[in-house]
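K.L.:
One structure follows; several queries about it will come next.
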Amino acid sequence: MTESDSTGWQTSIQHRLADVREVVDETEPPVLAAGIIGLVSLLGALAGFIVMSPWTAVAVLVFVLTVGYGWVRHQPVTAHAVTLTMTASTILILGLITVFIFLEAWPMLESATGTLFGIPVPGLELFTRTEWDPVSTKTFSMVPMIHGTVMVTIIATLVAGPLGVATALFISEIAPPTVRELVKPGIEILAGIPSIVYGFIGFTILSPWASDAFDLNGQGTYLFVGLVVGLMALPTVVSVAEDALNSVPESMKSGSLALGTTDWQTMTTITLPAAFSGVSAAVLLGVGRAIGETMAATVMLRNSPDIAEPLYNVFYGYETLTSLIASRYGDAHGLQFNALFVAGVILFITVLFLSIGSQYIEARMQRNLGGNE
């Protein structure tokens, strides 16, 4: 860092400290005291929760009483302070959850360290083996569960993607207002149905039918699990894709119609290409829902850590990353317990990148089209 950069940082810090002192000087003493007490009690509650102290409830009660006093006597300032505190708390909680997951997964990653070109790589053996046997051979592998997750995700995407985009196009461009007001809430109701209900329907109806129709032994196939999960992801795809289609400026559509094109030609050559980024973001968010689904896959699949033969065989279903965690968490211990957190880390990283990618794609669409202008 050069001397000029150092001087600039010092000047910036001095200005910020001056702003803080100005705010403190302008704040009424009762408000300042209440804010300090509330902040200290909240930090005390957080520390007590981490160390599991019995005094945590007392700190929470002090914080609630302080906020109540501020809300009655100094509502505007208290509202700003509470919203800022809740935002910071949300970020802090997410950070602590992330750290906790990685810390719990580390013993397994360290135990499964492999060498790649002579360099030790933590967890490498989890992705080079194919056997999961925590009892007799003490071997762990994420490959069977990753394979199952990929199979279910691909099928769910093939279901939710085209069906969701087509439904969004119908609601946005074709349906009259009356039909739109009926169809859209109906689609969104699907998001409110618990995943265990979807899984139970698949277990009691789809799985027995598949076993009889395709002469399968036992329950669960990747095909029907993907179908159920795709229906669960449908509301997300429809909602986000419809917003993307509505973001296309009306001037583009009107210009196309003025040139003599039909409504269908305008939708396929103007609306969909212009909203392609947002539609892609909708499908990515739907994929994230499919990857993170737990109960439907747990109920319908065999929960056996094996790989289908051949790999593309969708008429068998063994286990996914989410079903592994849900079915084995209760009786897991030792390295097996840590291996479940490794599965959680894989899901966390995958969904994180999908979410970031979808947000980037949607932001680029808004920037290119200028929103609803």
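Residue-wise test of (1) assigned to a helix (DSSP H, G or I); (2) farther than 22 Å from SER195 by Cα; (3) in contact with a Lys or Arg (Cβ under 7 Å, 6 or more places away or on another chain).
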position: ALA282; (1), (2), (3): yes, no, no
position: VAL287; (1), (2), (3): yes, no, no
position: ALA290; (1), (2), (3): yes, no, no
position: ILE307; (1), (2), (3): no, yes, no
position: GLY317; (1), (2), (3): no, no, yes
position: LEU324; (1), (2), (3): yes, no, no
position: ASP331; (1), (2), (3): no, yes, no
position: GLN359; (1), (2), (3): yes, yes, no
position: ALA363; (1), (2), (3): yes, yes, no
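K.L.:
Further question: From (1) without any contact (Cβ under 8 Å) to a residue 24 or more places away in the chain; (2) hydroxyl-bearing (Ser, Thr, Tyr); (3) in a loop (DSSP other than H, G, I, E, B), pick out the condition that doesn't hold for THR178.
P.N.:
(3)
K.L.:
Which residue out of PRO176, PRO194, PRO235 is within 20 Å of the chain's Cα centre (by Cα) and at pLDDT 85 or above?
P.N.:
On the way: PRO176 fails: within 20 Å of the chain's Cα centre (by Cα); PRO194 fails: at pLDDT 85 or above.
Going through PRO176, PRO194, PRO235 in turn, just one is within 20 Å of the chain's Cα centre (by Cα) and at pLDDT 85 or above: PRO235.
K.L.:
When segment 182-196 is examined, which residues are found to be surrounded by 12 or more Cβ atoms within 10 Å (Cβ to Cβ) and part of a helix (DSSP H, G or I)?
P.N.:
Step one: filter segment 182-196 for residues surrounded by 12 or more Cβ atoms within 10 Å (Cβ to Cβ), giving 183-184, 187-188, 190-191, 193, 195-196.
Correct list: VAL183, LYS184, ILE187, GLU188, LEU190, ALA191, SER195, ILE196.
K.L.:
The conditions are (1) surrounded by 20 or more Cβ atoms within 10 Å (Cβ to Cβ); (2) farther than 15 Å from ALA308 by Cβ, and ILE155 fails exactly one of them. Which is it?
P.N.:
That leaves (2) as the condition not met.
K.L.:
Does segment 63-99 hold any residues that are surrounded by 15 or more Cβ atoms within 10 Å (Cβ to Cβ) and either assigned to a helix (DSSP H, G or I) or free of Cβ contacts under 8 Å to residues at least 24 places away in the same chain (or both), and which are they? Spell out how you get there, then give the answer.
P.N.:
If we filter segment 63-99 for residues that are surrounded by 15 or more Cβ atoms within 10 Å (Cβ to Cβ), which is where we start, we get 63, 66-67, 69-70, 74, 77-78, 81, 85.
Across segment 63-99, the qualifying residues are PHE63, THR66, VAL67, TYR69, GLY70, VAL77, THR78, ALA81, THR85.
K.L.:
Does segment 241-281 hold any residues that are under 30 Å from MET300 (Cβ atoms), crowded, with 23+ Cβ neighbours inside 10 Å and not acidic (Asp, Glu), and which are they?
P.N.:
Just the residues of segment 241-281 that are under 30 Å from MET300 (Cβ atoms), to begin with: 241-242, 279-281.
Restricting the remaining residues to those that are crowded, with 23+ Cβ neighbours inside 10 Å gives 241-242, 279, 281.
Matches in segment 241-281: ALA241, VAL279, ALA281.
K.L.:
Surrounded by fewer than 16 Cβ atoms within 10 Å (Cβ to Cβ), part of a helix (DSSP H, G or I) and either at pLDDT 80 or above or touching a strand residue (DSSP E or B) at 6+ places or on another chain (Cβ under 9 Å) (or both): which single residue out of PHE348, PHE341, PHE353 fits that description? Please lay out each step first, then the result.
P.N.:
On the way: PHE348 fails: surrounded by fewer than 16 Cβ atoms within 10 Å (Cβ to Cβ); PHE341 fails: surrounded by fewer than 16 Cβ atoms within 10 Å (Cβ to Cβ).
Unique residue meeting the criteria: PHE353.
Okay, residues lined up against (1) more than 19 Å from PHE224 (Cβ to Cβ); (2) at pLDDT below 85:
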position: MET267; (1), (2): yes, yes
position: TYR312; (1), (2): no, yes
position: GLY317; (1), (2): no, yes
position: ILE325; (1), (2): yes, no
position: ARG328; (1), (2): yes, yes
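K.L.:
Would you confirm whether or not segment 299-311 contains a residue that is under 24 Å from the mean Cα position of the chain (by Cα), in contact (Cβ under 8 Å) with a residue 12 or more places away in the chain and at positive phi? Can you show your working first?
P.N.:
In the first step, residues of segment 299-311 are kept if they are under 24 Å from the mean Cα position of the chain (by Cα); the result is 299-301, 303.
Narrowing further to those that are in contact (Cβ under 8 Å) with a residue 12 or more places away in the chain: 299-301, 303.
Filter again for at positive phi, leaving 303.
Yes, because at least one residue in segment 299-311 is under 24 Å from the mean Cα position of the chain (by Cα), in contact (Cβ under 8 Å) with a residue 12 or more places away in the chain and at positive phi.
The values are calculated or read from the model by the stated rules, or taken from the named source; none is laboratory data. No experiment lies behind these values; they were computed from the predicted model shown. All Cβ positions, even for glycine, are placed from backbone atoms using ideal geometry, and neighbour counts span all protein chains on display.
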